[in-house]
Amino acid sequence: MNGYQKDFLPLVVYQIYPRSFCDVNGDGMGDFAGIESKIGYLADLGVNAVWLSPCFRSPKIDNGYDVADFRDTDADYGSLDELKQLFQSFHAHGIKVILDLVANHTSNRHEWFIEARKSKDNPYRNYYYWAKKPLNEWQACFGGSAWEYDEASGEYYLHSYAVEQPDLNWTNPKVRQEVKDVVKFWANLGVDGFRCDVLDQIAKDFSKPDGNGNGEKLDEYIHELFGDEDLRHLFTVGECWGISLEKYRQTCAEEKRELKCSFCFEHMLVGQNGQFEKKPFTFDDFTGKVYEWVAMTKDDLLYPLVLENHDRSRIVSVLGNDKTYRYESATMLATFIYLLKGIPFLYQGQEIGLPNPHYDDISAFDDIETVNYYRAHRGENHADLMQKINFGSRDNGRRMFPWDENVPTNAWLTPHNRHGEINVKRDRASKKSVYAFYQKLLALRKAEQAFIYGDCNVLFSTSGCTAYKREWKGKKFAVICNYAQPTEFDARVVKGGKVVLSNYGVEEIGERLTLRPYEAVVVKCEK
Ligand code: GLC
């Protein structure tokens, strides 16, 4: 095990989406005071780090991923002093703070862009990409051409996302220095790390017809950004959609001094055709992808264990069963992923098994990608289109977090249609509390180093069931997870073992166990 596996594998990260987490001042949006009021809740759950999605000044065209000032907070959430106070409170509870670094683009309201579009010889012009005509056919992620004509200065600028999110020109050393200064600014305020938004897009390859990331300078830029000695302690996780296993080794190996790790999303795309369409899948399509990536931890790399985030659907609705087996499937999926070798990332709401909500009308949606998709497909059968939207919209994870049955009447986004039924208060009062299960799961992970540092070996993976072993300093555990159908499981492999976690309340394991739908059992093995 190398240095940074030792330092970072104990992390358990909880992602907070500030706009929807907890509203204390009653304006229909979350705020820093709300987050502060829930630190106890997070500590009780067993997390030791939080990742705050962007809380910087922003017109919120893309909900904060369009930053207008990297060094100031958005007034809707609170002041910079309040945020600093929040850092202290988290630290006092032993919880590290990870901020979102959106380095590929800014808001068009950022002063750099306001300056840049003033004239072709403005000192900030070169902070962005400008061209007399589009340099290629690139499409923006939220639809339409990635090149937007700017009337005032008579040229096109590049925006990989919304028109209001111009891409920063990383070939310009001044831009690279600016972003590094931003990193240092927050690091000096005590921030422990960064989640780096669409980081593989900072280096472009304009000759590629179908994408704009992973240019040849990528590693150089990342090293320049994070490679300094005084930034070495930072935990950094990239959002690199295009990363391959081979590339991962180049970018995330300790000696490279670039990123500590990067999200890999392949397993989260199982069951989906693009963002909005369902696709048939088997359980081992999912587990197989995860196992493929987890294998790299044998080579001292760090792997983020993730099921949900603010861009994805709720996992119980995609891979689980959010009707009959909501508790079982939410807890089984959590057991499967979080006892693997890597760094658990939880997204707000996952710990109570929140499913996707459902609406019949587009007016219940706000997300720019969803709304643009709806517009582009308007001619289709309305019910079919709404089914797709309900399935894949990024708003699935962005509704106000349901703390109790009081549904907010002024929320910035239509509340979850099951808010009254599925909320923290009810979950915690229930015998089948997903939150309570997560607590046990994370406590087990913390108590047994095998789950943190131990080798991870897959015992088997089929379309209906899977099992793997964790092993560390003579202690061995088997994690057995069943999918939707009952499975006869030959339990001789774990004979004599003691059940340490079960989502069906199993206390003993015989020779043969019929695993029930979405059953998960963790056994401390004799041998
Ligand atoms: C990332 C974010 C997403 C955002 C996009 C553009 O993928 O997770 O929410 O829209 O980058 O910043």
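FYI, it's all coordinate maths here, none of it is from the lab. All values derive from a computational prediction rather than experimental measurement. All Cβ positions, even for glycine, are placed from backbone atoms using ideal geometry, and neighbour counts span all protein chains on display.
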Computed lengthening from SER207 to ALA429, 0.36 nm per intervening residue step minus Cα-Cα distance: 74.2 nm
Name the shape class, rounded, prolate or oblate, that the alpha-carbon gyration tensor gives for segment 302-365, where a ≥ b ≥ c are the square roots of its eigenvalues, rounded holds for a/c under 1.5, and otherwise prolate holds if a/b is larger than b/c and oblate otherwise. oblate
Viscosity 1.306 mPa s, temperature 10 °C, Stokes-Einstein D of segment 125-182 from Kirkwood C-alpha radius, µm²/s: 134 µm²/s
Sorted by chain and then number, the residues having a modelled amide H within less than 5 Å of the amide H of LYS96, at least 5 places away or on another chain, are ALA49, VAL50
Around ILE98: net Lys/Arg minus Asp/Glu count, Cβ-Cβ under 9 Å: 0
Cβ-based exposure ranking for HIS267, HIS416, HIS382, in which fewest neighbours within 10 Å come first: HIS382, HIS267, HIS416
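May I ask you to list the chymotrypsin sites (Phe, Trp or Tyr not before Pro) in segment 151-222 that are in a DSSP loop and have at most 14 other Cβ atoms within 10 Å of their Cβ? Show your work: numbers first, answer last.
Working: sites: TYR156, TYR157, TYR161, TRP170, PHE185, TRP186, PHE194, PHE206, TYR221; in loops: TYR161, TRP170, PHE206.
Filter output for segment 151-222: PHE206.
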ALA152 versus ASP121, label points 7 Å from Cα toward the beta carbon: distance in nm? 1.8 nm
Can you classify segment 11-77 as rounded, prolate or oblate using the Cα gyration tensor, where a ≥ b ≥ c are the square roots of its eigenvalues, rounded means a/c under 1.5, and otherwise it's prolate if a/b beats b/c and oblate if not? oblate
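Applying 1/(1 + (r/R0)^6) with R0 = 30 Å to the Cβ-Cβ distance of LYS323 and GLN449, what FRET efficiency is obtained, to the nearest 0.05?
Approximately 0.20, to the nearest 0.05.
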First obtain the Kirkwood hydrodynamic radius of segment 409-527 from its Cα pairs, then insert it into the Stokes-Einstein equation at 20 °C and 1.002 mPa s, and state the resulting D in µm² per second as a whole number. 134 µm²/s
Please report CYS240, CYS264 as a ranked list, fewest other C-beta atoms within 10 angstrom at the top and most at the bottom. CYS264, CYS240
May I have the convex hull volume per residue, in Å³, for the Cα set of segment 234-368? 131 Å³
Counting only C-alpha contacts under 8 Å and six or more residues apart, can you give the relative contact order of segment 273-367 as a whole percent? 31 percent
Using a 10 angstrom Cβ neighbour count of at most 16 plus a DSSP loop assignment to flag exposed GluC sites (Glu not before Pro), which longest range of the chain is free of such sites? 217-379
Which whole-number value in Å³ per residue fits the convex hull of the alpha carbons of the chain? 143 Å³
Give the Debye-formula value of log10 I(q)/I(0) at each listed q (0.11, 0.14, 0.15, 0.18 Å⁻¹), with one equal scatterer per alpha carbon of segment 123-239, two decimals each. -0.40, -0.64, -0.72, -0.97
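For MET268, MET296, what ranking results if the residue with the fewest other Cβ atoms within 10 Å of its Cβ goes first?
Taking fewest neighbouring Cβ atoms as first place, the list is MET296, MET268.
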Tell me what the chain gives for mean residue ellipticity at 222 nm when only DSSP H runs of n ≥ 4 count, each as -39,500 (n - 2.57), the sum divided by the residue total, rounded to 500 deg cm²/dmol. -8000 deg cm²/dmol
